[in-house]
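One structure is given below, encoded as structure tokens.
The values are calculated or read from the model by the stated rules, or taken from the named source; none is laboratory data. For clarity, every value in this text was computed on a predicted model and none was experimentally measured. Cβ sites come from the backbone with ideal geometry, for glycine too, and all protein chains shown count toward neighbours. Only protein heavy atoms, including side chains, enter the accessible area calculation; ligands, DNA and RNA are left aside. Shrake-Rupley method; radii C 1.70, N 1.55, O 1.52, S 1.80 Å.
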Amino acid sequence: MQLAEKHPENIFLTTQKIYSGNFDNVKFTGEILKIDDCDLNEISYLSTFCDLIIGRNSGPFCFASNKENINSINKTFYAFNDRKTDCFYKDVEIKANYIFEPFQSLDKIFQDINALLQK
């Protein structure tokens with residue numbers, strides 16, 4: 001998890017255990033919530049404490065697009081997918097910063113997120 005290593009001052013919340021290694025700044029929502037069933041509402045709540053919300057328009061990412069988050073000028077959504085038309089807020093006016101990146105490569109996503117974390 002290069003981003004966690006490069007930005008130890010940030011906490012990274014993931015909905016899936018996608019990393020190998022032991023980083024104190026990477027937390028898995030399942031370990032926080034301790035829910036075996038659907039936890040989308042709880043992830044939505046946790047997202048209200050995040051400045052940067054990253055996803056591929058999956059259930060957790062869409063649930064993080066709640067009223068509090070999309071109406072906050074201090075939030076940034078970074079969505080990546082094949083087509084912008086798949087985005088939840090493709091043409092809706094929101095106050096949060098919404099960035100769509102057509103998926104090209106993991107390196108491109110890494111570079112974009114790294115740049116966002118340096119702001």
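Annotations for the structure displayed:
- Some residue of the range 37-46 being farther than 21 Å from A79 by Cβ, open to solvent by 70 Å² or more (accessible area, probe 1.4 Å), more than 16 Å from the chain's Cα centre (by Cα) and not acidic (D, E): yes
- Search result, residues across the range 1-33 that are in a helix (DSSP H, G or I) and not hydrophobic (A, V, I, L, M, F, W, C): Q2, E5, K6, T29, G30, E31
- Selection from the range 26-80 of residues that are farther than 23 Å from F110 by Cβ and among the basic types (K, R): K34, K67
- Selection from the range 34-72 of residues that are assigned to a helix (DSSP H, G or I) and in contact with a strand residue (DSSP E or B) (Cβ under 6 Å, 6 or more places away or on another chain): S47, F61, A64
- The single condition from (1) over 23 Å from A96 (Cβ atoms); (2) buried (at least 16 other Cβ atoms within 10 Å of the Cβ); (3) not aromatic (F, W, Y) that I18 fails is (2).
- Positions within the range 73-86 being surrounded by fewer than 16 Cβ atoms within 10 Å (Cβ to Cβ) and assigned to a loop (DSSP other than H, G, I, E, B), in sequence order: I73, N74, D82, R83
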